[in-house]
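Worksheet for the structure shown next.
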Amino acid sequence: MIATLKKLHSYWSEKKQQRPFPARKDLDPLDFHYALGDVSLIDVEQGENDHNPIYKVRLLGSNIQERIGSSFSNRNLDDFPEQDSLDKMRLAYKKVLKTGEPLAYPSFFKYGEKEQPFVCCIWPLSTNGEKIDMLLCCREQIFDRALVPNQSQLAKEPEIWPYQQWGNTSLLSPMVH
């Protein structure tokens, strides 16, 4: 069960009210203290016709910092030390910008010699209620081995779950029911 992501998704949904997405000012980190170690906030800078947005890490949770060995706050995402993760993040971020919807994807992160399965979720935020200018990201480790995606398959073709498909994914269906 991915309890942290479910709780954070409910919070994001509540804060957006009738809008497509909430603004950063609508969120109070104290309200999601349970997830802060695994949360990142990504600033999105893009022009009107910019197909290559610039992503800057505004905040990187302490658990993520510990894993990568760096605070990485206030840095350009292109400098992220894990190239495989960076490619997945960039692909997922662009899809959120295009659709304006949350999405999730499975991933594996190295802890020493061991790779741990995670689900990463991304929620859009907007200062003006129209253009996405920040992304709220959170990851949660998958402990139920029956729900862990096939790592070799994911290496060949990254899997991304748009919000509309969350109910059809055994890992994410608890978040929408």
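We did not get these values from a lab; they are worked out from the coordinates using the rules stated. Note that this is a predicted model, so its numbers are computed, not measured. Quick reminder, even Gly has a Cβ in these numbers, built from the backbone with ideal geometry, and neighbours come from all protein chains shown.
Report the full-extension gain for the segment residue 13 to residue 26: residue separation times 0.36 nm, less the Cα-Cα distance, to one decimal in nm. Walk me through the numbers on the way to the answer.
Working: separation 13, 0.36 × 13 = 4.68 nm, distance 1.13 nm.
The span from residue 13 to residue 26 would gain 3.5 nm if fully extended.
Suppose the chain between residue 127 and residue 66 were pulled fully straight at 0.36 nm per residue; how much longer would it get relative to their current alpha carbon spacing? Don't skip to the end; give the middle numbers.
On the way: separation 61, 0.36 × 61 = 21.96 nm, distance 3.00 nm.
Result for the pair: 19.0 nm of gain on full extension.
When the convex hull of the C-alpha atoms of the stretch 1-134 is computed, what volume per residue in Å³ does it have?
Numbers: hull volume 14.9 nm³, N = 134.
Expressed per residue, the convex hull around the Cα atoms of the stretch 1-134 is 112 Å³.
Treating the beta-carbon of each Lys and Arg as +1 and of each Asp and Glu as -1, no other charges, what is the dipole magnitude of the stretch 1-119 about its Cα centre, to the nearest 20 debye? List each step's numbers first, then the result.
Working: 18 positive and 18 negative charges, 68 e Å.
The dipole of the stretch 1-119 has a size of about 320 debye.
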